[in-house]
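See below for the structure under consideration.
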Amino acid sequence: MVFKIFKKKNEEAFPLPNRVSYEKEELFCCGFDASSMQGAPSAVVKPVSTDEVVQVLRFANQQRTPVVPRGAGTGMTGGAVPVNDAIVLSLDGMNNILEIDEKNMIAIVEPGVINGHLQEKLEDRGLFYPPDPASMNFCTLGGNVAENAGGPRAIKYGVTRDYVLGFEVVLPDGRVLTTGGKNYKDVVGYDLTRLIVGSEGTLCVVTKIFLKVLPLPAETMTLLCTYSQINDAALTVSKITSSGIVPRALEFMDNGSIRAVESYREFGLPTDAEALLLIEVDGSRASVSEEADKIASACISQNGRVSVADDMFAKQRIWEARRAISPALYRIKPTKINEDIVVPRGRIPEMLQALKGISEKYDLKIVNFGHAGDGNIHVNIMTDKNNKDEYQRARTAVEDIFRVTLRLEGTISGEHGVGLTKKQYIGMELSETNLEIMKAIKKVFDPNGIMNPGKIFPLD
Ligand SMILES: Cc1cc2nc3c(=O)[nH]c(=O)nc-3n(C[C@H](O)[C@H](O)[C@H](O)COP(=O)(O)OP(=O)(O)OC[C@H]3O[C@@H](n4cnc5c(N)ncnc54)[C@H](O)[C@@H]3O)c2cc1C
């Protein structure tokens, strides 16, 4: 596919002259995401309605100009990074909560709504939208559905996919497609809603999202359990998950992440601990205290030291510390290679052991944290891109990490997607047949290949 470069000279023909920018600063700001990859878009367009998205896509399709949908640019795998001089379609102006339907427990939103903003609005009404990526205060719901984002609460409540009831999307040729809607059950035809979730902006542009919401749990209790042996923390995870209790969060931090966070800001975490688990339960007052007691016993029996966050302030501080890990890691080294592998929960001890071995083999600092309750470990190789030798060792270590992950029956990405950074590894996990079917689906949606090209699939 040869793409035509969209240039300023197209300005006169472009259907939305007041929505397009060619300013250097704007092009720069829409050229990267949290993967630290940088691209150079030829224009940035900021539509404010579905009709405007239709006009942009119709034009781009006729011109064979690539289009990259963009939310807040917090993606970890380069999904929103433009390649081939694409137009960036920034959806942050479509940021209305269109409806909160309490009777039917549904929220209808535009894609540019910030996740945390919806959470606040719902909580005011006693409602609850569980998916809570650590970036919830700045990522968009459009980006969440495109990546099928998860978060600490996924262990009990599932991921974004489990809350999407339907979509309005614009196809690359400008047709508007509606899938699903307000119904909690719907099995008429193929499940296009589920297909679009996690499609990383490669099939269509999401312009409206129908979300299921829940009643806000009456009580929550937050426990912090620290360990002097990392293996004890890992063994506690399986102890809790096989105990019949489903906590609403079961997060893991190793010593490297504890120290990084504490040097970033003093949260009061014990820097001498080899690992900690951050555990939260929710439900009625009675069930919460019963479950917290059982979990505390499980932690203590595995040599953990337990403390309970006794007020809202203490809870918030612990969660702020957890959400600060990603930015705090840059205190260690300027470049972070962040992988989000998943293994069956019972295999976390083996995985952590293997990571230690890989760190020693390649003489690299590897910091691990993540959603241990889902087996989802964020593996961060801390390096410096300018140190060629070390960076090369880090890239080789990534392959070793993926090989071990797959040997332990895991997956190379639990929530960050493939984008640009993982596409060269996708064949390690998916068979040729899988890839053929996926590419054929892409062709049906996007025969001219204008939607977010260069993502997910390695070049043929
Ligand atoms: C500090 C930090 C913590 C994070 N923690 C988590 C976490 O706990 N769990 C987790 O899952 N992720 C996490 N992430 C990753 C990231 O926040 C999520 O992937 C998020 O869903 C991306 O949303 P965004 O609005 O920034 O999307 P962007 O990065 O802008 O885009 C992501 C992808 O979605 C596509 N896209 C965006 N909007 C649309 C649309 N309207 N239609 C079609 N495609 C679209 C883009 O093309 C791109 O492929 C974290 C990131 C950071 C920086």
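None of the figures in this text is laboratory data; all of them are computed from the coordinates on show. In this text the structure is predicted, and so the values were computed from the model without any measurement. Cβ atoms come from the backbone with ideal geometry, glycine included; neighbour counts cover every protein chain shown.
A few remarks follow.
- Förster radius 22 Å - calculated FRET efficiency between residue 399 and residue 441 (Cβ-Cβ, nearest 0.05): 0.20
- Crossing angle, helix 230-241 versus the chain [Cα axis fit, 0-90 degrees, rounded to tens]: 80
- Label point distance in nm, residue 243-residue 313, each placed 7 Å from Cα along Cα→Cβ: 2.9
- Distance between the C-alpha centres of the range 76-120 and the range 124-151: 10 Å, rounded to the whole angstrom.
- Length-normalised contact order for the chain - Cα pairs under 8 Å, 6+ apart - percent: 15
- Here, the range 333-418 yields an orientationally averaged convex hull projection of 5.1 nm² when only Cα atoms define the hull.
- Translational D in µm²/s for the range 379-460 (Stokes-Einstein at 20 °C, 1.002 mPa s, Kirkwood Rh from C-alpha pairs): 147
- Computed from Cα atoms, the angle from the helix 285-301 axis to the main principal axis of the chain rounds to 70 degrees.
- Derived scalar couplings between HN and Hα for the range 409-425 equal 6, x, 9, 7, 8, x, 7, 8, x, 9, x, 8, 6, 10, 5, 6, 9 Hz in order, rounded to whole Hz, by the Karplus curve 6.51 cos²θ - 1.76 cosθ + 1.60 (θ = phi - 60°), x for Gly and Pro.
- Potential lengthening between residue 384 and residue 433 on full extension [0.36 nm per residue; Cα-Cα distance subtracted]: 13.9 nm
- Rounded Å value of the spacing that divides the Cα centres of the range 186-239 and the range 386-441: 21
- Packing-based ranking of 36-42, 330-336 yields 36-42, 330-336, ordered from highest to lowest mean Cβ neighbour count within 10 Å.
- In straight-distance terms, cross-link reach from residue 388 covers every one of the lysines whose alpha-carbon lies under 28 Å from its own, apart from those fewer than eight places away in the same chain; here that gives 333, 336, 356, 361, 365, 422, 423, 455.
- In the range 133-227, one over the average inverse separation of all distinct C-alpha pairs is 14.9 Å, which is the Kirkwood hydrodynamic radius.
- Computed log₁₀ I(q)/I(0) - Debye formula, equal Cα scatterers, no solvent, the range 184-340, q 0.10, 0.16, 0.18, 0.21 Å⁻¹: -0.50, -0.98, -1.08, -1.23
- Think of it as helices only: each DSSP H run of n ≥ 4 in the chain is worth -39500 (n - 2.57), and spread over all residues that comes to -10000 deg cm²/dmol at 222 nm.
- Along principal axes, Cα extents of the chain, largest first, whole Å: 69, 59, 42
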